[in-house]
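The values are calculated or read from the model by the stated rules, or taken from the named source; none is laboratory data. What you are looking at is a predicted structure, and each value in this text was computed from that prediction instead of being measured. All Cβ positions, even for glycine, are placed from backbone atoms using ideal geometry, and neighbour counts span all protein chains on display. Only protein heavy atoms, including side chains, enter the accessible area calculation; ligands, DNA and RNA are left aside. Shrake-Rupley method; radii C 1.70, N 1.55, O 1.52, S 1.80 Å.
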Amino acid sequence: MFNKNNTFLAAVGFFALLLVPLITSNPYYIHLIETIMIYSILLFGLDIVVGYTGQVSLGHSGLFGIGAYTVGVLFLKFHAPLWLILPLSIVVTAFFGAVLALPALRVTGPYLAMVTLAFGTIIQILINEMTFMTEGPMGIKVSKPMIAGFKLDVQTYYWLVCALLALSMVVVNRILKSQLGRAFEALRGSPIASDCMGVSVYKYKVFAFVISAGFAGLAGSLYAYSEQYISPNTYNFELTVLFLLATIMGGRKTRSGALLGAAIIVLLPKLLDDLETFRIVSSCFAGLILIGALIGIQRKMTTIKSTIVPVLGTISLAAFSFWLTNITDWRLSIFGLMILFVVYYLQDGIIGFLRSLFKQSTQVHAQELSSSIVAMSSLDHSSLSAQSKDILVAKEILMQFGGLKAINQVSLSVERGSIHGLIGPNGSGKSTMMNVLTGIYRPTAGFIDFLGQTVIGRTSSEIALSGIARTFQNVQLFGEMTALQNVMVGLHHTYKSNLLDIALNTKRAQNEESIATQKAFGLLQFVGLGENAYEEARNLPYGRQRLLEIARALALDPQLLLLDEPAAGLTAPDIKELMAIIRKIKDHGITVILIEHHMEVVMSVCDTVSVLDFGQKIAEGKPLEVQANAEVIKAYLGGAVT
Ligand code: ADP
Ligand code: MG
């Protein structure tokens, strides 16, 4: 989060950066810091892909190259001015980002890494081969740009980069704080839940990639002017790996992590150039690790056993540096070792590690909570009751997994405004039925009709947006996000503002955000989680996580709500509260399908109950009739009443 403290620190840091050319006129140092700032802009973008959506990209040096060559070509062929070139390189690179992302993000993990790597390589080859445009291996000379008739020199160009770094930081922060940022985080936290909240995982992965490419384009173009000479072999595999390492080392999901990561990949190789500096660096490094370990042990955050290897390792590295007489041969190996060390031992990156050492509690003021209102009015669907009797009709659904018929010719009619129970022994196909209804599985055969439209063939996020919300038997929250943010992901559909609104923080974007925040508070209070709004979902007790899932599902403003064992793991008083909540949901005109093992819940809240056994429907009717049914007693109630 970008609070007041952070803003103050960022402002101080920014002014310190502005002062650099006034303190030193040595162009070497100015250029070094300029490069760090340019890499940081790229890393802000890369972190959106890696840190937030959790995807790997090895294509970012290629995108960086496209940005640089947009400058090179426009400058060489058209002598285009800066004000045209900068936006164009962002747009061109974002376009290439989309070309890469649309096919690549259909796959994940190692496949994605390979596709993006291939992209980077192809770009490098193309730059090399398309001599008519790029001058091939000869490279292109670029001179510093002009602004309003004034030609920038080393110093003034440095300030331009400073200004664009600050601007990028503001824009990235705005994006990540908006509904877009929440969508990116959500799809990493739980892709299934994202889709079922109407946030299409694929669409937002591509979107994140395109935004990230835009930043890579800006960085690439600034780099071209900074270096004043570009050639294809800069944008190689090594650079792409360095970018990725910088993101991981600095720490994901922080802007300071990006800055630190950029500084490390620019400065560390330089520091290792000279033996004397290497000795100082390795000694400081060992000292820092030792202090970190001591603090960690004292605060009981870590043990001697787990810190002994890194402490001894870094001390030996320092000792080794004093034994060495020549560093040239060892440089790369040492660089690699240090990087490995950070990646292995500090998995949240250096910034993440420092934060955990100086962790502050993130309790937020209660008055914000009390000012919110219960905004349940938008959920009212009672007025729709004049339409057809059944809200959902499923006919002869067959769901086969290999030879197993998890659902076998089941038909289900759910009356509008009712609570429809779905019970049966474990493995009888209840959850599978929900997955079929929400588009996670496509049934082998059968029809499903919701509000007069077929469900089959539509994606989970389309089905969600058409009015079916759900919770999951195995809780699927966005763990790293707060309870409030989880609900706000459910409210994603209420936003109309686009990327430009978000970047410029327009009235529309602000209004939508404040309305959504109020609604989210209202929903949290509705399920009794008002006080937990700012707690991370993963830290909530299990029972509360289930309630949070209900609040998030209600945020979709659904007409039909599917609850998969909401009472599992709840204490007796919590179950009472849950029953009241389910009844209140019904009173708002929302139809509910309820899977539940606790018979007292089923008996007291359901209007109709269907019983599944081995994938088949064996009974259906009013709760009392079903409870008295001999077949049901034999299959289910006889043994498993809880
Ligand atoms: P429950 O009624 O307990 O919710 P489920 O719907 O989860 O039961 O499971 C019904 C049956 O379908 C089980 O035998 C389960 O192993 C099987 N099943 C569910 N999902 C899959 C899947 N993705 N692949 C193979 N088998 C599955
Ligand atoms: Mg189940």
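Which sequence of H597, H420 reflects their accessible areas, 1.4 Å probe, from the largest down? Mind dumping the intermediate values first?
Details: H597 35, H420 5 Å².
These residues rank, largest area first, as H597, H420.
In percent, what relative contact order does segment 240-357 have, based on Cα pairs under 8 Å that are 6 or more apart in sequence?
Numbers: 114 pairs, mean separation 45.9, N = 118.
Here the relative contact order equals 39 percent.
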- Sequence of T432, T444, T325 from largest to smallest accessible area, 1.4 Å probe: T325, T444, T432
- Note on the structure: accessible surface per residue for the chain, probe 1.4 Å, DNA/RNA/ligands not counted, whole Å² -> 45
- Item | Angle between the chain longest axis and helix 542-555 axis [Cα atoms, degrees, rounded to 10] | 90
- Which whole number in µm²/s is D for segment 308-347 by Stokes-Einstein, with the Kirkwood Rh taken over Cα pairs at 37 °C and 0.692 mPa s? 302
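Below 8 Å between Cα atoms, with a sequence gap of 6+, how large is the relative contact order for segment 88-202 in percent? Present the calculation step by step, with values, prior to reporting the outcome.
Numbers: 38 pairs, mean separation 13.4, N = 115.
In percent, rounded to a whole number, it is 12.
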- Note on the structure: Candidate cut points under trypsin sites (Lys or Arg not before Pro) in segment 86-171, DSSP loop plus at most 14 other Cβ atoms within 10 Å of their own Cβ, are R106
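At a Förster radius of 30 Å, what calculated FRET efficiency corresponds to the Cβ-Cβ distance of M603 and K634, to the nearest 0.05? Mind showing how you got there, number by number?
Working: r = 19 Å, r/R0 = 0.62.
Plugging the Cβ-Cβ distance into 1/(1 + (r/R0)^6) gives 0.95.
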- Query: Cross-link partners among aspartates and glutamates for K519, C-alpha distance below 18 Å, same-chain residues fewer than 8 apart left out?
  - Reply: E368, D380, E531, E535, E549, D557
- Query: What is the Cα centroid distance between segment 577-596 and segment 221-286, reported in whole angstrom?
  - Reply: 55
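Counting only protein heavy atoms, what percent of the accessible surface of the chain is carbon or sulfur at a 1.4 Å probe? Walk me through the numbers before you get to the answer.
Details: 18330 of 29020 Å².
Carbon with sulfur: 63 percent of the solvent-accessible area.
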- Query: Extension gain A11-R355, at 0.36 nm per residue separation less the Cα-Cα distance, in nm?
  - Reply: 121.9 nm
- Task: Mind jotting down the distance between the C-alpha centroids of segment 181-211 and segment 422-488, whole Å?
- Result: 17
- What fraction of the Cα pairs in segment 74-142, stated in percent, has a spacing above 17 angstrom? 57
- Task: For K144, list the lysines whose Cα falls under 26 Å from its own Cα; do not include residues on the same chain fewer than 8 positions away.
- Result: K77, K270
- Message: If I fit a long axis through the Cα atoms of helix 4-23 and take the longest principal axis of the Cα atoms of the chain, what angle between them do I get, 0 to 90°, rounded to 10?
- Response: 20
- Message: At 1.4 Å probe size, put S306, S466 in order of accessible surface, largest to smallest.
- Response: S306, S466
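Provide the FRET efficiency to the nearest 0.05 for the L275-Q155 pair, computing r from the beta carbons and using R0 = 41 Å. Intermediate values should be presented prior to the final figure.
Details: r = 33 Å, r/R0 = 0.79.
My answer for the efficiency is 0.80.
What is the percent of Cα-Cα separations in segment 45-235 that go past 23 Å?
On the way: 8049 of 18145 pairs.
Counting pairs separated by more than 23 Å, the tail of P(r) holds 44 percent.
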- Message: Using each residue's phi in segment 447-456, evaluate 6.51 cos²θ - 1.76 cosθ + 1.60 at θ = phi - 60° and report the 3J(HN,Hα) Karplus result to the nearest Hz, with x for Gly and Pro.
- Response: 10, 9, 10, 10, 6, x, 10, 6, 9, 5
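Quick check on the chain: of the DSSP beta bridges with both residues there, what percent are antiparallel, nearest 5%? Kindly include the intermediate steps, with their values, before the conclusion.
Values: 25 of 41 bridges.
Of those bridges, close to 60 percent are antiparallel.
Stretched out fully, how many nm does the piece from S514 to T571 gain, at 0.36 nm a residue minus the Cα gap? If you can, show how the numbers build up before the last one.
Details: separation 57, 0.36 × 57 = 20.52 nm, distance 3.44 nm.
My answer for the length gained is 17.1 nm.
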- Extension gain, I23 back to F237 (0.36 nm per residue minus Cα-Cα distance, nm): 73.5 nm
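Dipole magnitude of the chain about its Cα centre, charges +1 at Lys/Arg Cβ and -1 at Asp/Glu Cβ only, in debye to the nearest 20? Kindly include the intermediate steps, with their values, before the conclusion.
Numbers: 46 positive and 42 negative charges, 97 e Å.
With Lys and Arg at +1 and Asp and Glu at -1, about 460 debye.
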- The set of residues whose placed amide H lies less than 5 Å from the amide H of D390, leaving out same-chain residues fewer than 5 positions away, is R416
- Item | Computed over the chain: relative contact order in percent, which uses C-alpha pairs under 8 Å that are six or more apart | 16
- Are there trypsin sites (Lys or Arg not before Pro) in segment 423-529 that DSSP marks as loop and that have at most 16 other Cβ atoms within 10 Å, and which are they? K496
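Starting from the coordinates of the alpha-carbon atoms of the chain, obtain the Kirkwood hydrodynamic radius over all distinct pairs and give the value in Å to one decimal.
Working: mean 1/r = 0.0362 Å⁻¹.
27.6 Å is the Kirkwood radius here.
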- Item | Amide proton proximity set for Y441, modelled H, under 5 Å, gap of 5+ | V436
- Straight-line reach from K576: which lysines have Cα under 16 Å away, leaving out those fewer than 8 places along the same chain? K584, K586
- Quick one: helix 27-47 against the long Cα principal axis of the chain, what's the angle to the nearest 10°, folded into 0 to 90? 10
